[in-house]
Amino acid sequence: MTNISTLHHQVEELAELVCELTHTCNKTQDYFAKSFSLSPAEFRVLKLFAFNELLTIKELCDTLSITPGRITQIIAGLEEKNFVTKITNTDDKRNVSIKTLPKSRPFIENLYNSHINIHQEILNNMEVHKRDDLIESLRYLITELNKKKK
């Protein structure tokens, strides 16, 4: 096989693997969301609160790449489940932050740890010398794909 045809085959395989990885990650998040009686969007939002008790609507929208209208719907569902509350800035009513409620912290920690544990299992089943290569390759892939969005 020539270098050009080898490269073409690798490009096609990479494209397929990225699509399959995306699909698999979405299915995994859906599974976790369902097991915690959350929608997939609620799961993604609550996961962001694992290390933050307070995030602005803008931060949530930017991080998740969703519209303010959509984040408002997600937050409404999380408010109904008593996970979060809205805090409006008294100086600027348009500036709204979302704060986790104290009783939701153990739930969020459990959710986060459950999500981490599946990745722990993956690394435990991998040869030690390949772990850094995998992480470095994924970082590179994400960086390169993010460049294409700009």
In terms of the Cα gyration tensor, with a ≥ b ≥ c the square roots of its eigenvalues, is region 90-150 rounded because a/c is under 1.5, prolate because a/b exceeds b/c, or oblate? oblate
Selected from 52, 138, 32, residue furthest toward positive end of dipole (the chain; charges at beta carbon): 52
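Taking 8 Å as the Cα distance limit and 6 or more residues as the minimum spacing, I'd like the relative contact order of region 1-78 as a percentage. Spell out each step's value before the answer.
Working: 27 pairs, mean separation 15.0, N = 78.
Relative contact order comes out at 19 percent.
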Using the alpha-carbon atoms, what tilt in degrees (0 to 90, nearest 10) does helix 3-35 show relative to the longest principal axis of the chain? 30
Dividing the mean separation of Cα pairs under 8 Å (6+ apart) by the residue count of the chain yields a relative contact order in percent of 17
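At 222 nm, what value in deg cm²/dmol follows for the chain if DSSP H runs of at least 4 each add -39500 (n - 2.57) and the sum is divided by all its residues, to the nearest 500?
Values: 6 runs with 105 residues, N = 150.
The helix contribution divided over the chain gives -23500 deg cm²/dmol.
To make sure I understand, if each residue's beta carbon is the centre and we count other beta carbons within 10 Å, what order do 99, 47 fall in, fewest to most? The partial results should precede the final answer.
Values: 99 15, 47 18.
In order of increasing Cβ crowding within 10 Å: 99, 47.
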Straight-distance crosslink candidates among lysines, where the alpha carbon sits under 23 Å from residue 58 and sequence neighbours closer than 8 are dropped: 47, 81, 86, 93, 99, 147, 148, 149, 150
Report the Cα centroid-to-centroid distance between region 26-52 and region 67-89 in angstrom, as an integer. 15
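No lab work stands behind these numbers, since they all come straight from the coordinates. All values reported here derive from a predicted model rather than from experimental measurement. Heads up, the Cβs are rebuilt from the backbone with ideal geometry, glycines too, and the neighbour counts pull from every protein chain shown.
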